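Let me begin by presenting the structure, written as structure tokens, before commenting on it.
The values are calculated or read from the model by the stated rules, or taken from the named source; none is laboratory data. In this text the structure is predicted, and so the values were computed from the model without any measurement. Cβ coordinates were reconstructed from backbone atoms using ideal geometry, including for glycine residues, and neighbour counts include every protein chain displayed.
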Amino acid sequence: MIDEIIADAEERMQKSLAALDEAFKRIRTGRAHPSILDTVMVSYYGSDTPLNQLANVNVEEGRTLIVSPWEKPIIGDIEKAIMKSDLGLNPSNNGDTIRVPMPALTEETRREYTKQAKNEAENARIAVRNIRRDANSDFKDLEKEKEISEDDQRRAEDLVQKLTDKTTAAIEAAYQVKEADLLSI
């Protein structure tokens, strides 16, 4: 019973960490990276399809993305989808490929993106603490129902606390990497 609760808490904490990584991918830096366009959805035969399922996205010269669609007729739709996305990118179409230059970040936008990254990291920390609270509540309920002893409850809470500390440290490390990436010129 205790092992199941701890395994569930660990799984949920890993999902929080994965969600943080996805959130960090949406915060662009000055460098071009194909994952920046992962959230772009293109209208393709009446349904929204992720861009990476319709085209190949590569980096050219560190500051430009090259989008090569697998079907030439959808190049205009892809260009419109990139423009409509809230990424602030301005693609240009040469008939075969789409070039997406990454604008240089100003000091103000760097600070704004750093603030956004900090908020995402704090949201992940809150989610992890909520998971810990849920697990500890489950342990207390089991102890009240006399299914586990008080010592088992304390041991289980200590294990969940160690798991929480480990996940929080991973969140902090991910934030430090993103912050350094945003603030480097």
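If a residue must be among the hydrophobic types (A, V, I, L, M, F, W, C), buried (at least 17 other Cβ atoms within 10 Å of the Cβ) and under 30 Å from I78 (Cβ atoms), how many such residues does the range 97-149 contain? Going through the range 97-149 one residue at a time, the tally reaches 5. Looking at R132, R125, R154, just one residue is in contact (Cβ under 8 Å) with a residue 12 or more places away in the chain, of a type in the set (D, E, K, R), part of a helix (DSSP H, G or I) and closer than 15 Å to D3 by Cα, and that residue is R132. K80 meets all of the listed conditions (1) at pLDDT below 85; (2) farther than 30 Å from E122 by Cα but one, namely (1). Specify the residue that is surrounded by the most Cβ atoms within 10 Å (Cβ to Cβ); the eligible residues are those in the range 32-63 that are touching a strand residue (DSSP E or B) at 6+ places or on another chain (Cβ under 8 Å) and farther than 21 Å from D77 by Cβ. Within the range 32-63, the match that is surrounded by the most Cβ atoms within 10 Å (Cβ to Cβ) is A32. The set of residues from the range 91-104 being touching a strand residue (DSSP E or B) at 6+ places or on another chain (Cβ under 9 Å) and modelled with pLDDT under 85 comprises just one member, M102.
Evaluate the range 108-120: report whether one residue or more is of a type in the set (A, V, I, L, M, F, W, C), in a helix (DSSP H, G or I), over 22 Å from the mean Cα position of the chain (by Cα) and not assigned by TED's automatic domain parsing to the domain that holds P50.
No, every residue in the range 108-120 fails to be of a type in the set (A, V, I, L, M, F, W, C), in a helix (DSSP H, G or I), over 22 Å from the mean Cα position of the chain (by Cα) and not assigned by TED's automatic domain parsing to the domain that holds P50.
The lone criterion from (1) free of Cβ contacts under 8 Å to residues at least 40 places away in the same chain; (2) more than 30 Å from I6 (Cβ to Cβ); (3) not aliphatic (A, V, I, L, M) left unmet by R110 is number (1).
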